[in-house]
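A short write-up of the structure that comes next.
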Amino acid sequence: MEEVQRHSVHTLVFRSLKRTHDFFVANQALLPEVDENLEKMKYSIKARDSYKLVFDRTAKAKNAVKCGETGRSETLAQPPQDSMLAITAEGEMDYNSSNQTALVPAAAAASQNGTNSLQVLPKKAPTIPKPKWHAPWKLYRVISGHLGWVRCVAVEPGNEWFATGAADRVIKVWDLASGKLKLSLTGHVSTVRGLCVSPRHPYLFSCGEDRQVKCWDLEYNKVIRHYHGHLSAVYTMALHPTIDVLVTAGRDSTARVWDMRTKVNVHTLTGHTNTVASVVCQAANPQIITGSHDSTVRLWDLAAGKSMCSLTNHKKSVRSIVLHPSLYMFASASPDNIKQWRCPEGNFIQNLNGHNALVNCMAVNPEGVLVSGGDNGTMFFWDWRTGYNFQRFQAAVQPGSMDSEAGIFSMTFDMSGSRLITTEADKTIKIYKEDDEASEESHPVNWRPEIIKRRKY
């Protein structure tokens, strides 16, 4: 056998290049000649297209100087042809000799003559808006009554009562003004994980770890509908504000859209690869937003039943999503940070850093107060617009409870935004309100931004 001669990679590459060159060298003589006039015209058109605004401002500044020198008002002329930017065929950029006047001296000369001139102003440095002052919040009522972890809360649209669900499998309805128990509903056979009150019907919806989704008629205080279809525990639910549909999601990694009256499973929204922990609905597109333990947030088109986009910025599980009541924005919470997004495309706005815990829940009121509750009992209060953390504290556990039972599982503001209701692992419900005695002097805004945040409004 003949030995194969070994060559280096460089030798083989250069051989290939030479063969290619020799193959196409005959075509070099067939290339058309370059027309210099056409090339100059092409570059001048490109320059005029890109720098027309600069030409106009230069001409106006020069014209203003001339008007100030002659003492008469003249109409601002269009830029003369000889002042156009010429770009040579070699790619060099130059002005004609008649266009060497600087903008700033021209503006200075015009201002000395008392005439108004248009000049190219420098771009302003980015400024950070100062956060709005918010009064600190304080605990003013603790409600006991459940025999297990209180996992969910929902406020009635009339702002007269609220309902809570717990690990004792009971749904309890409380008077918002007095905190007294009004009603207990039994029917679930496992932990109640989600509650919703319909704003248009006398219905209360509940879901739990028993895979059941129930519709309660509050006039008769009994279950009138069941929604069957989930394959595992149902962790969260939401009602659409304008359409009679109910959205539930849970451990089977799907979100299901139900017709409220006919109990039909309209859509099964698949795409997440882990537990869907939070779902919200809004009237405008995208109509459904879900957060999952697979670290993604998905925006869904309700009409098509498909995912519009998937936000993969979070590094850890997303356990809570909250919509702003008036702005077209939402926030998502993860142990790495809280992120704000703008609808409908899910454009990133800013990070809210500092709450280093499993953030189980969030709530936001019309005044722009965002609250996040952690699995270790910490509560952080933020200014929505600037991301300034103006208050943080550790929720006190009920006497007799262990310190490890300090987790906050859910929270919501009442319809007025003046009361914050939290449900916790020490089997209590806590209600917070703003401190009436606080002022800007007693609790000043101690805001020292270190890095300028890029915001897109």
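Counting Lys +1, Arg +1, Asp -1, Glu -1, what net charge surrounds Leu181 among other residues with beta carbon under 13 Å of its beta carbon? Computed value for this residue: +2. Spin-label model, Lys433/Thr186: points 7 Å from Cα along the beta carbon direction are separated by 3.4 nm.
Once you order the gyration tensor axes a ≥ b ≥ c over the Cα atoms, which shape class does region 183-321 get: rounded for a/c under 1.5, otherwise prolate or oblate by comparing a/b with b/c? Judged from the Cα gyration tensor, region 183-321 comes out prolate (a/c at least 1.5, a/b above b/c).
Net charge near Leu311: determine it from the other residues with C-beta under 14 Å of the C-beta of Leu311, scoring Lys and Arg +1 and Asp and Glu -1. Net charge around Leu311: +2.
Rg then Dmax, both in Å and based on the Cα atoms of region 357-416: 12.3, 39. Report note on the peptides 373-385, 52-64, 128-140: ranked by the mean count of other C-beta atoms within 10 Å, highest first, their order is 373-385, 52-64, 128-140.
Within the shell of other residues whose beta carbon sits under 14 angstrom from the beta carbon of Trp300, the net charge comes to +1, with Lys and Arg scored +1 and Asp and Glu -1.
Residue separation of Asn221 and Asn159 scaled by 0.36 nm, minus their Cα-Cα distance, works out to 20.4 nm of gained length. When both region 176-232 and region 374-453 are represented by their alpha-carbon centers, they are found 27 Å apart.
Every number in this text was worked out from the coordinates using simple rules, so none of it is lab data. Fair warning: this is a prediction, and the values are worked out from it, not measured in the lab. Here Cβ is always computed from backbone atoms with ideal geometry, including for glycine, and neighbour counts include all displayed protein chains.
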